[in-house]
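Below: one structure, written as structure tokens.
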């Protein structure tokens, strides 16, 4: 991708509000209230603690899989703060935390990683595929891209029903080279679907760098072919992301149709606990992006504004650590799901053949314990 991009071109320029020193560009200051900024910082800190704990549990063999959001926290947290109760969220791998910001209980969130009796999905999804009907969040598919047209279709239904709600659909940079992306963009524009489609461009489609999977100057510019307004924003700048997503949501609610947003960020950790990123990228690249950490940048801004000091920061970290530890402890004490549960939620009334299978399963000895 070309580095010679005009900062004034909303399709290819990079919209920023916060400098690396935490100071605001006065010409772009969105005037985010103090309570929102502090809430965002608390949510981002909790997510960082949660991800670290889940990775540790996976390395200890206590959970099977996890995909962390480290370095990309600004976008999901901003989305959760922008979204309204009736809106729907269609995440990719690193946006599950939107549901936490919208009120989904942390204990139930962690239970979906374990897949035990505390899991509202009854252990039927992979870890890191969290969802919750109570907060209108749909699970994502490990097949890259299907959630994008699903988000657009849901938005079209909301428009037809005149609910006033909208859909947020997420993807990584690699998904914009998938057919589902192009189908979604076509329908979103053609039917003026009230949706915000967000690409977290973290530079790596697992081990494939962005420059190797697309020849477009940027990801955002792909919106042009479909006539969809596109914005390229610094994804490590919470204020910028909050402003852009807020404007896009407002436009959709007012009947202006879809917006495509590219959040330029970086995946600091591995793609997932099944990945070894040292095989395809340099330590120097990772270290350079660590200096652009979205949490550190927001912390500097809060300090410049006089909203936070060392004592409050310590209290926030202690609160997040305690909350995550308590949730993990509670979930690990929950029993496994009864085997009969695999036959539930299939029919309103269980037919005779499934009933016979359930009864036969219950007669078998329990599986050996590995505890």
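Just so it is clear, none of the values below were taken in a lab; they were calculated from the coordinates. All values reported here derive from a predicted model rather than from experimental measurement. Cβ coordinates were reconstructed from backbone atoms using ideal geometry, including for glycine residues, and neighbour counts include every protein chain displayed.
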Review point. What is the P(r) of the range 33-103, as percent of Cα-Cα pairs per 10 Å bin from 0?
Key: 20, 48, 26, 6, 0
Study note, to complete from the structure: Kirkwood radius from Cα pairs of the range 112-234 plugged into Stokes-Einstein at 10 °C, 1.306 mPa s, gives D in µm²/s equal to 101
Study note, to complete from the structure: For the chain, the Cα convex hull volume per residue in Å³ comes to 156
Exercise for review: Treat each spin label as a single point 7 Å out from the Cα along the C-beta direction, and report the residue 355 to residue 124 distance in nm.
Suggested key: 2.1
**Study point:** Per-q log10 I(q)/I(0), the range 197-248, q = 0.16, 0.20, 0.32 Å⁻¹ (Debye; single scatterer per alpha-carbon; no solvent)
**Key:** -0.54, -0.80, -1.25
**Study point:** Cα-based shape type of the range 111-179, given that a ≥ b ≥ c are square roots of the gyration tensor eigenvalues and the cut on a/c is 1.5
**Key:** oblate
**Study point:** Expected 222 nm ellipticity per residue - DSSP helices of 4 or more, -39500 (n - 2.57), all of the chain, to 500
**Key:** -12500 deg cm²/dmol
Revision key, fill the gap. The chain: antiparallel bridges as % of DSSP beta bridges, rounded to 5, reads 15
Practice item. From zero up to wherever the largest Cα-Cα distance of the range 157-315 sits, split into 5 Å bins and tell me the percent of pairs in each. Key: 2, 8, 15, 17, 16, 14, 12, 9, 5, 2, 0
Point to revise | Reduced Cα scattering model of the range 130-169, Debye log10 I(q)/I(0), q = 0.23 Å⁻¹ | key: -0.80
Review point. Plugging the Kirkwood radius over Cα pairs into Stokes-Einstein for the range 1-136, at a temperature of 37 °C and a viscosity of 0.692 mPa s, what D comes out in µm²/s?
Key: 194
Check your understanding: For the range 59-94 and the range 267-298, what is the separation of their C-alpha centers, rounded to whole Å?
Key -> 17
Exercise for review: Report, to the nearest 10°, how far helix 34-59 tilts away from the longest principal axis of the Cα atoms in the chain, using its own Cα long axis and a range of 0 to 90°.
Suggested key: 50
Check your understanding: Semi-axes, largest first, in whole Å: what does sqrt of 5 times each Cα gyration tensor eigenvalue give for the range 249-353?
Key -> 39, 25, 23
Practice item. Residues in the range 33-70, backbone N under 20 Å from the label point at residue 330 (7 Å along the Cα-to-beta-carbon vector): list them, ranges by number please. Key: 42-55, 57, 63
